[in-house]
Amino acid sequence: MKTVIEDMRQGLQEEGIKRAGEVIKRGGLVAFPTETVYGLGANALDPEASEKIYSAKGRPSDNPLIVHIADWEKLNFIVRDVPEAARRLGEAFWPGPLTMIFRRKETVPLTTTGGLDTVAVRMPDHPVALGLIRAGGGYIAAPSANTSGRPSPTKASHVLEDMDGIIDMIIDGGDVGIGLESTIVDFTEEMPVILRPGYINQNMIQEVIGEVRMDQALIDEHSSVRPKAPGMKYRHYAPKAQLYIVEGAEEEVRQKIDALAEQEERRGRRAGVIVTEESVPFYHHGILKVIGSRGDELSISRHLFGILREFDEMDVQVIYSEAFHTPQMGQAIMNRLLKAAGHQIIKT
Ligand code: TXA
Ligand code: MG
């Protein structure tokens with residue numbers, strides 16, 4: 001299959017969106033930009049179309065997809081009820097990097113929900129995504145547009161790496177703004193629960209709806225507690241090299257990482273090192289990748305997955321990273337980084 005690329009780096013192109021909407025309507029696959037990561041979209045109401053997503057990604061069939069909508073009126077067609085708290089949360093953060101889980105109506109095929117009787121819904125905050133959803137009939141099922149087990153794509157070239165020749169179309173909308181997947185909140189239990197941390201954190205949610213718990217599997221990642229989001233149980237984002245997170249006082253972390261990178265050099269190898277702008281002058285060994293600045297959390301979240309992909313292209317066996325416990329998104333950033341590292345932490 002030839003994968004067509006539609007260039008919308010300068011914004012939504014009406015003609016291109018029409019073509020993309022046609023591909024969705026006839027059951028094809030279109031990768032598209034959102035504010036979080038690139039999604040791999042298909043008609044969410046067509047079981048054969050959503051089935052194709054699983055095979056394109058190599059995704060286990062028990063891992064449900066998020067249904068993307070562009071307008072509130074579409075919600076009632078796919079969910080049985082919208083709790084008051086969910087409505088308020090949606091009013092505060094939709095369109096935006098928030099996914100909410102509801103009880104499913106039978107209009108949504110089980111292939112889309114991975115066999116579950118619940119459905120995840122999100123209204124993304126990106127003009128191209130919203131345009132595509134409307135042009136494609138209103139309901140687009142989309143996981144992140146990576147091959148299963150690779151980092152989520154934050155630019156069109158990442159999607160091309162994983163999906164060239166496998167899907168019908170890629171809409172290039174340039175680099176994404178956030179770079180980490182949406183926050184997921186489950187509204188199908190007594191109390192709302194955060195299943196995946198993201199740009200919108202627990203405090204921001206609590207300010208709108210009061211108490212919200214974190215899924216036990218997020219709090220205690222080494223426990224045998226089963227995460228409620230099936231996708232959270234997989235070892236995602238695994239780079240080819242061994243990744244270690246080095247934690248401790250700032251100065252000690254820099255010294256430790258630099259010493260470890262020097263040790264690699266003495267063995268005739270080079271280590272990858274993930275650092276912030278502020279600490280660049282303190283490193284003398286290894287291949288440095290600057291992720292962003294500690295004063296600008298989005299610069300860190302936006303570049304994390306891209307850097308992991310870059311190291312996959314290079315000949316490094318080991319990567320050392322600083323930790324990024326930033327105020328708003330620290331939990332989300334560290335959740336992804338810890339998974340990529342298989343929870344290997346070096347404490348200074
Ligand atoms: O930011 C995002 O959410 C991106 C963009 C494309 O919108 N999408 C994304 O999709 O990250 P995906 O498939 O990579 O992650 C969806 C997560 C998975 O962990 C999945 O298990 C969980 O949501 N999920 C989906 N439906 C669910 C449901 N009904 N109950 C529990 N977890 C669900
Ligand atoms: Mg994903």
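Only the coordinates and a few stated rules stand behind these numbers; no lab work does. As the structure is a computational prediction, the values presented were derived from the model and not from experiment. Because the Cβ atoms are built from the backbone with ideal geometry, glycine has one as well, and the counts that use them run over all protein chains shown.
Ratio of Rg to Rh for the range 1-74: 0.95 [Cα atoms; Kirkwood radius as inverse mean 1/r over pairs].
Taken about its Cα centre, the range 180-286 carries a charge dipole of about 740 debye when Lys and Arg each add +1 at the Cβ and Asp and Glu each add -1 at the Cβ.
Rounded if a/c is under 1.5, else prolate if a/b beats b/c, else oblate: with a ≥ b ≥ c from the C-alpha gyration tensor eigenvalues square-rooted, which is the range 70-201?
Working: a/c = 1.67, a/b = 1.52, b/c = 1.10.
In terms of gyration-tensor shape, prolate.
Among 66, 287, 274, the largest mean-square fluctuation in a Gaussian network model of the chain, built with springs joining Cα atoms closer than 10 Å, belongs to 287. For residue 293, the residues whose modelled amide H falls within less than 5 Å of its own, excluding neighbours fewer than 5 places apart on the same chain, are 277, 299, 300. Cα-based Rg of the range 128-192 per 2.2 N^0.38 Å, rounded to two decimals? That works out to 1.33 for the range 128-192. With only Cα atoms counted, the range 9-134 has Rg and Dmax values of 14.1, 40 Å. Histogrammed with a bin width of 10 Å, the alpha carbon distances of the range 232-348 distribute as 15, 50, 32, 3 percent, first bin at zero.
Anything over 25 Å Cα to Cα? Flag those among 57/228; 74/155; 57/347; 2/155, in the order listed. Beyond 25 Å: 74/155; 57/347. Taking the Cα centre of the chain as reference, the dipole from Cβ charges on Lys and Arg (+1) and Asp and Glu (-1) amounts to some 760 debye.
Given axes a ≥ b ≥ c from the Cα gyration tensor, I'd like to know whether the range 102-152 is rounded (a/c under 1.5), prolate (a/b larger than b/c) or oblate. It would help to have the intermediate numbers written out before the result.
Details: a/c = 2.15, a/b = 1.14, b/c = 1.89.
Oblate, since a/c reaches 1.5 and b/c is not below a/b.
Here the calculated FRET efficiency for residue 88 and residue 255, from their Cβ-Cβ distance with R0 = 56 Å, stands at 0.70, rounded to the nearest 0.05.
Extending 7 Å from Cα along the Cβ direction at residue 203 and again at residue 290 yields two label points whose distance is 2.8 nm. Across the range 74-82, computed HN-Hα scalar couplings (Karplus, 6.51 cos²θ - 1.76 cosθ + 1.60, θ = phi - 60°) run 7, 4, 5, 6, 10, 10, 6, 7, 10 Hz from first to last residue, x flagging Gly and Pro. Of the peptides 5-14, 23-32, the order by per-residue mean of other Cβ atoms within 10 Å, starting with the highest, comes out as 23-32, 5-14.
On alpha-carbon atoms, Rg over Rh for the range 54-100 using Kirkwood Rh? Let's see the in-between values first.
Values: Rg = 13.2 Å, Rh = 12.6 Å.
Here the Rg-to-Rh quotient is 1.05.
Averaged over residues, the count of other Cβ atoms within 10 Å places the peptides 265-272, 51-58, 129-136 in the sequence 129-136, 51-58, 265-272, highest first.
Beta carbons within 10 angstrom, averaged per residue: use that to sort the peptides 254-261, 187-194, 319-326, highest first. All intermediate terms of the calculation are to be shown ahead of the outcome.
Working: 254-261: 19.2, 187-194: 17.0, 319-326: 21.1.
Top of the packing list down: 319-326, 254-261, 187-194.
Give me the extension gain from residue 3 to residue 71: residue separation times 0.36 nm, minus the current Cα-Cα distance, reported in nm with one decimal. Before the final figure, lay out each step's value.
Details: separation 68, 0.36 × 68 = 24.48 nm, distance 2.88 nm.
Taking residue 3 through residue 71 to full extension adds about 21.6 nm, to one decimal.
Scanning residues 5 or more positions from residue 214 or on other chains, those with amide H under 5 Å from its amide H are 194, with H placed 1.01 Å from N in the peptide plane. For the chain, the 222 nm mean residue ellipticity estimated from helices alone, with every DSSP H stretch of n ≥ 4 adding -39500 (n - 2.57) and the total spread over all residues, rounds to -9000 deg cm²/dmol.
Hydrodynamic analysis of the range 150-283 uses the Kirkwood radius over alpha carbon pairs. Inserted into Stokes-Einstein at 4 °C and 1.567 mPa s, it gives a translational diffusion coefficient of 69 µm²/s. Backbone geometry of the range 201-211 corresponds, through the Karplus equation with coefficients 6.51, -1.76 and 1.60 at θ = phi - 60°, to 3J(HN,Hα) couplings of 9, 4, 4, 4, 6, 4, 4, 9, 10, x, 4 Hz, x marking Gly and Pro. Rg and Dmax of the range 80-124, based on Cα coordinates, read 11.1, 30 Å.
Counting only Cβ charges, +1 for Lys and Arg and -1 for Asp and Glu, the dipole size of the range 52-114 around its Cα centre is about 220 debye. Applying 1/(1 + (r/R0)^6) with r as the Cβ-Cβ distance of residue 262 and residue 18 and R0 = 41 angstrom yields a FRET efficiency of 0.15. Global dimensions of the chain from alpha-carbon coordinates: Rg and Dmax equal 20.2, 63 Å.
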